[in-house]
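Enquirer: Quick one: this structure, given as structure tokens, is what I'll be asking you about.
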Amino acid sequence: MSSLTTSTASTLSYLVIGGGMSGLIAATVLRDRHIQVTVVDKGRAIGGRMATRRIKNAQYGEGVFDYGAQYFTVQNSRFQGLVNSWIQKGIVKQWSLNHHILSKEVYYRGVSSNRAIAHHLAENLDVHTNTRVVSFTWLDDHWQVQTETNDTFSADVLLLTPPLPQTLELLERSQIQLPPETKQRLEQIVYSRCIAVLALLAQPSQIPNPGGIQLDGNLLSWIACNRKKGISPQGNAVTLHANPKFSETHWEADNTFIANQLFAAASPWLGSSVIDYQVHRWRYSQPQTVYGEAYLVLTEPGPIVVCGDAFIQPNVEGAVLSGLAAADYLLNV
Ligand SMILES: Cc1cc2nc3c(=O)[nH]c(=O)nc-3n(C[C@H](O)[C@H](O)[C@H](O)COP(=O)(O)OP(=O)(O)OC[C@H]3O[C@@H](n4cnc5c(N)ncnc54)[C@H](O)[C@@H]3O)c2cc1C
């Protein structure tokens, strides 16, 4: 890895592609070491699958919906330290879900929303949203990164954090060769799909406190009342997640069909008419298997590190740990 071994990390510039939890946490670690780091994300807002959206209604108030990750758990002590610091700052709190009566697992969520955790991480970072990277070229000992809108970023080192199929597509478009065995391992990792329906109700839902229920029915895997959760103070905002089987089977179905199916399945918890709704399709919801190492390093033609939730653990904690490990590698190489 020529430029990494001949320069110290602090003299290099880093471009992080993807402003989800893995990319943002890696960028904060580099920034804290006074390293020049830029984050680009194709989304209108950062956070990736830590996603929150609003539906406004003049009569029934504004609904605020967490519609990607709903909560996260902690096993790793380094992640626990970070979560504790977020709790102290009022960004994160425990959510007293009781999925299994015997489980001692603690659930956490963003206080004002899950996306707010990403916003907190992005404070004092150089972040560019609405910036979709289409390819990159190694030219004169640095990367030239092209975006959909024909902007160019340059950097010595790239950190790639999109879901793996999107990362593989970017590498292919950029004509970066992967060792065949590595490519095969990465291609074998598939993600489950999830169709989310965001419903604004006329009346409070029947979902009991604290506002989230894991389901294993024919259609639904999850239902949450964002008002009882405490993130939607005005509107009765309910998030419904279709299970992987329904999501796969009805991926191409029209929104009305999908919403009606989910509302029928959820009727005992809704208990009210739906005033407005939106449908969101998560093509890459959660990886079904993981790579098994915390990140991947590519050296030719220039330095690239790949990380994200498909590396060690298919969830928020895994995304953070992979991002931390990738940043540690870059600092210590
Ligand atoms: C419906 C749903 C429910 C979930 N529930 C839970 C849960 O309850 N608990 C839990 O722990 N986890 C849950 N997860 C998983 C969790 O959200 C993810 O594991 C984690 O957020 C992944 O973070 P990441 O940074 O690896 O990827 P992402 O959050 O996907 O971030 C990648 C970013 O890359 C950007 N990007 C992609 N391509 C480009 C490009 N070409 N140019 C620029 N930017 C690009 C994307 O816009 C995105 O912001 C859920 C996910 C979904 C979708």
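Enquirer: Can you tell me which residue in the range 24-39 is surrounded by the fewest Cβ atoms within 10 Å (Cβ to Cβ), limited to those that are more than 11 Å from the ligand (Cβ to nearest atom) and either part of a loop (DSSP other than H, G, I, E, B) or of a type in the set (Val, Ile, Thr) (or both)?
Expert: Going through the qualifying residues, I end up with HIS34.
Enquirer: Further question: Could you tell me which residue of the range 237-291 is nearest to ARG53 (Cα to Cα), considering only residues that are among the basic types (Lys, Arg) and within 18 Å of the chain's Cα centre (by Cα)? Break it down into steps so the answer makes sense when it comes.
Expert: To start, the set of residues in the range 237-291 that are among the basic types (Lys, Arg) comprises 245, 281, 283.
Applying the additional criterion that residues be within 18 Å of the chain's Cα centre (by Cα) yields 281, 283.
Working: ARG281: 14, ARG283: 18 Å.
Here the residue is ARG281.
Enquirer: Okay, moving on. Can you pull out the residues in the range 45-69 that are part of a loop (DSSP other than H, G, I, E, B) and crowded, with 20+ Cβ neighbours inside 10 Å?
Expert: Within the range 45-69, ILE46, GLY47, GLY48, ARG49, MET50, ALA51, TYR67, GLY68, ALA69 meet the criteria.
Enquirer: Oh, and also: Filter the range 294-318 down to the residues that are outside any helix (DSSP H, G or I), of a type in the set (Val, Ile, Thr) and crowded, with 20+ Cβ neighbours inside 10 Å and list them by number. Let's see the steps before the verdict.
Expert: Within the range 294-318, the first condition is being outside any helix (DSSP H, G or I), and the residues that meet it are 294-315.
Still in the list and also of a type in the set (Val, Ile, Thr): 297, 299, 304-306, 312.
Those that are outside any helix (DSSP H, G or I), of a type in the set (Val, Ile, Thr) and crowded, with 20+ Cβ neighbours inside 10 Å: ILE304, VAL305, VAL306, ILE312.
Enquirer: In the range 164-220, how many residues are in contact with an Asp or Glu (Cβ under 8 Å, 6 or more places away or on another chain) and surrounded by fewer than 16 Cβ atoms within 10 Å (Cβ to Cβ)?
Expert: 1
Enquirer: Using the structure shown, decide if SER112 is more than 13 Å from the ligand (Cβ to nearest atom), within 23 Å of the chain's Cα centre (by Cα), within 25 Å of CYS225 (Cβ to Cβ) and not acidic (Asp, Glu).
Expert: It is true that SER112 is more than 13 Å from the ligand (Cβ to nearest atom), within 23 Å of the chain's Cα centre (by Cα), within 25 Å of CYS225 (Cβ to Cβ) and not acidic (Asp, Glu).
Enquirer: Can I ask one more? What do you reckon, is LYS42 within 9 Å of the ligand (Cβ to nearest atom), surrounded by fewer than 24 Cβ atoms within 10 Å (Cβ to Cβ) and either more than 18 Å from the chain's Cα centre (by Cα) or charged (D, E, K, R) (or both)?
Expert: Values: within 9 Å of the ligand (Cβ to nearest atom): yes; surrounded by fewer than 24 Cβ atoms within 10 Å (Cβ to Cβ): yes; either more than 18 Å from the chain's Cα centre (by Cα) or charged (D, E, K, R) (or both): yes.
Considered against the rule, which asks whether it is within 9 Å of the ligand (Cβ to nearest atom), surrounded by fewer than 24 Cβ atoms within 10 Å (Cβ to Cβ) and either more than 18 Å from the chain's Cα centre (by Cα) or charged (D, E, K, R) (or both), LYS42 comes out as yes.
Enquirer: Only one of (1) of a type in the set (Val, Ile, Thr); (2) surrounded by 22 or more Cβ atoms within 10 Å (Cβ to Cβ); (3) farther than 22 Å from SER192 by Cα fails for ILE258. Which number is that?
Expert: Condition (3) is where ILE258 drops out.
Readers should treat all values here as calculations from the given coordinates under stated rules, not as data from a laboratory. In this text, all values refer to a predicted model and were calculated from it rather than measured experimentally. Cβ coordinates were reconstructed from backbone atoms using ideal geometry, including for glycine residues, and neighbour counts include every protein chain displayed.
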